[in-house]
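Colleague: Can you read through this structure? Questions will come right after.
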C-alpha cells in the first residue's frame, strides 16, 4: 500500500472519529428538541382545554344567566298603557335578538377554531407519518446491516480481505473520503437547523407561558363577573318573591 | 325578632372630594335606589395644596362619601361617578371600590318610615 493511500485512510479515520462525536451529539440534540416540542405541544393542549372547555363552559353559563336575569327584569315591568305594553314587547324582542346575534357571531368564531384544530390534527398526522417513514428507513438500514454481518461472519469479509489489492483499496478509500465529507456537511447543516429550532422552541415556550397567564387571569375575571351576575340575580329574585 | 339578611355581594365605593359636592352625588345615587350612603366633611389639605391663605386657615371643603352598592351595580356606578362628577380630572378627588365580606340592608323598625318615602307619598 502506498504511503499516500495510507495517509488518506488514516485521515479518514480521524475525520470519522470527529464526525461520530458530532453526529451523535446531533442525535442527542434532536431528542432534546423533540422533547421541547413535545413539552410545548402538551402545554398548548393544556391551554386549549383550559380555554375551550373550562373557561368557555364558565362563560357560557354566565351568558345564559345574564340574559335570564334580563328577561326576568323585563317580565317584571307592569305596563299601564298600550305604548308601554308595546315598549315591553319590543324591548323583550330586542334583547332576545341581541342574545341570538351574539351567539351567531360566536358560532362563526367557533367554526374558525374547529378549522384550526383540524389543521393541527392534520399536521400531527403528517408528523406521525414522517416518524413512521424514519422508522421504516432505520428498519431497512438495520436489516441490511444484519444481513451483511451474517455474510461477513460466514467468510465474506475474509474472502474480500484476501482478494484486496491496491486498486480496490484506493477505490474504497476514495469512497470513504466522499462519504465522510458528505456526513460532515450534512451534520453541520443539521446542527444549524437544530439550533434554529431550539431558539424557536424557547420563544414558543415563553409565548405559551404568557398565554397560560392570560387564561388564568381570564378565569379570575370570569369568576368576578359571576359574582356580579349572581348579585344581579339575587336582586331580581327578590322582585319575584322576597324570602 | 327576624334574622338580619346578610348579603355577600356588596362593594364599598369611597369618594374623596376635595371641592365638596357629596350632596349631589348622594342625590344621584338615591335616584338609582341606592340608600346605603353617607358623607362627612374633613379637615386637612390635599397633597400639594397650601393649608392656609393670607395667614388664615383654609376653610376645608373636602368631603368623604361612602356608598354600599350591589356587586352588579358597582362598575356602572363607579364609571358614572368617575365621569359625571369629574373625578377623572386632576385635583378634584379620588374614588376607590372595595369588596365587602358581609352587609345588611338599611331597614327601620316597624312603623318608622324613611323621610324620603313619606315625601314620595
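The values are calculated or read from the model by the stated rules, or taken from the named source; none is laboratory data. For clarity, every value in this text was computed on a predicted model and none was experimentally measured. Virtual Cβ from ideal backbone geometry, glycine too; neighbours counted across all protein chains shown.
Colleague: Considering each of A:105, A:125 in turn, give the residue that is within 23 Å of residue A:219 (Cβ to Cβ) and assigned to a helix (DSSP H, G or I).
Modeller: Just a single option satisfies the conditions, and that option is A:105.
Colleague: Moving to a separate point now. For segment B:70-93, enumerate the residues that are over 23 Å from residue B:42 (Cα atoms) and within 14 Å of chain A (Cβ to nearest Cβ).
Modeller: B:70, B:71, B:72, B:73, B:74, B:75, B:76, B:77, B:79
Colleague: Here is a further query. Which numbered condition trips up residue A:154, out of (1) loosely packed, with under 13 Cβ neighbours inside 10 Å; (2) more than 14 Å from chain B (Cβ to nearest Cβ); (3) in contact with a helix residue (DSSP H, G or I) (Cβ under 8 Å, 6 or more places away or on another chain)?
Modeller: (3)
Colleague: Among the residues of segment B:27-84, how many are outside any helix (DSSP H, G or I), at pLDDT 90 or above and more than 18 Å from residue B:9 (Cβ to Cβ)?
Modeller: 7
Colleague: Still on this structure, I have one more. Where residues in segment B:27-43 are touching a residue at least 40 places away in the same chain (Cβ under 8 Å) and crowded, with 17+ Cβ neighbours inside 10 Å, which of them is nearest to residue B:80 (Cα to Cα)?
Modeller: Applying the filter and picking the extreme gives B:29.
Colleague: Out of segment B:103-119, which residues are outside any loop (DSSP other than H, G, I, E, B) and either surrounded by fewer than 10 Cβ atoms within 10 Å (Cβ to Cβ) or more than 14 Å from chain A (Cβ to nearest Cβ) (or both)?
Modeller: Within segment B:103-119, B:115, B:116, B:117, B:118, B:119 qualify.
Colleague: Looking at segment B:94-102, is at least one residue surrounded by 15 or more Cβ atoms within 10 Å (Cβ to Cβ), more than 14 Å from chain A (Cβ to nearest Cβ) and within 15 Å of the chain's Cα centre (by Cα)?
Modeller: Looking through segment B:94-102, at least one residue is surrounded by 15 or more Cβ atoms within 10 Å (Cβ to Cβ), more than 14 Å from chain A (Cβ to nearest Cβ) and within 15 Å of the chain's Cα centre (by Cα).
Colleague: Can you tell me how many residues within segment B:1-26 are part of a strand (DSSP E or B) and modelled with pLDDT under 90?
Modeller: Result for segment B:1-26: 1.
Colleague: Now a separate question. Of A:80, A:137, which residue is modelled with pLDDT of 90 or more, part of a loop (DSSP other than H, G, I, E, B) and farther than 30 Å from residue A:3 by Cα?
Modeller: Testing whether each residue is modelled with pLDDT of 90 or more, part of a loop (DSSP other than H, G, I, E, B) and farther than 30 Å from residue A:3 by Cα leaves just A:80.
Colleague: Okay, moving on. For residue A:127, indicate whether it is touching a residue at least 24 places away in the same chain (Cβ under 8 Å) and under 25 Å from residue A:52 (Cα atoms).
Modeller: Considered against the rule, which asks whether it is touching a residue at least 24 places away in the same chain (Cβ under 8 Å) and under 25 Å from residue A:52 (Cα atoms), residue A:127 comes out as no.
Colleague: For segment A:229-237, does any single residue satisfy the condition of being out of contact with any helix residue (DSSP H, G or I) (no Cβ under 6 Å at 6 or more places or on another chain), surrounded by fewer than 17 Cβ atoms within 10 Å (Cβ to Cβ), more than 9 Å from every other protein chain (Cβ to nearest Cβ) and not in a helix (DSSP H, G or I)?
Modeller: Looking for residues that are out of contact with any helix residue (DSSP H, G or I) (no Cβ under 6 Å at 6 or more places or on another chain), surrounded by fewer than 17 Cβ atoms within 10 Å (Cβ to Cβ), more than 9 Å from every other protein chain (Cβ to nearest Cβ) and not in a helix (DSSP H, G or I), one finds none in segment A:229-237, hence no.
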